[in-house]
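The values are calculated or read from the model by the stated rules, or taken from the named source; none is laboratory data. Just so it is clear, the structure is predicted and the values come from calculations on it, not from any experiment. When the accessible area is computed, the model is the full protein with side chains, heavy atoms only, and any ligands, DNA or RNA have been set aside. Shrake-Rupley method; radii C 1.70, N 1.55, O 1.52, S 1.80 Å.
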Amino acid sequence: VQLQACGGGLAQAGGSLRLSCAASGRTFGNYVMGWFRQAPGKEREFVACIGRSGGAYYADSVKGRFTTSRDSAKSTSYLQMNNLKFEDSAVYYCAASTTAINSAYRNANAYNYWGQGTQVTVSS
């Protein structure tokens, strides 16, 4: 499985960006797709994930502002980020798990494939 993330860039506080993560493989529908981020000097943290049936989970810090979705026809997951804040600035990574991870969705170790990361910078 190869993951290609794109859509990062520079946005003003209060603005929006949409990240995309295109996945290879013919069984995209079986993947759990996650988003993580890492700011300089900080550990990688969970942002959001979407399960095989479309159920989504979010970190408290982004709940109500970010939305993750998936399009099986395009083998792509998305992270719509609205009302961006300065503290959202980070490198964002998409990740995929090809096995069920249940309650471990916040754990980066539960995902076995990772994209290359895309930079999101929010100016205050």
Inset, instruction - Determine the equivalent ellipsoid of the range 1-56 by diagonalising the alpha-carbon gyration tensor, then write out the semi-axes as square roots of 5 times the eigenvalues, largest first, rounded to whole Å. - result: 23, 14, 13
Inset, instruction - Two decimals is fine: what is log10 I(q)/I(0) at q = 0.16 Å⁻¹ for the chain, from a Debye sum with one equal scatterer on every Cα and no solvent? - result: -0.68
Inset, instruction - Working with all protein chains in place, sort Ser103, Ser69, Ser20 by solvent-accessible area computed with a 1.4 Å probe, largest first. - result: Ser103, Ser69, Ser20
Legend entry - Most mobile of Gly14, Gly29, Gly51 in a GNM of the chain (Cα contacts under 10 Å): Gly14
Inset, instruction - Give me the lysines in straight-line cross-link reach of Lys63: C-alpha distance below 16 Å, same-chain residues under 8 apart excluded. - result: Lys85
Inset, instruction - For the chain, set up a Gaussian network in which alpha carbons nearer than 10 Å are linked by springs, and say which option among Gly41, Gly64, Gly55 fluctuates the most. - result: Gly41
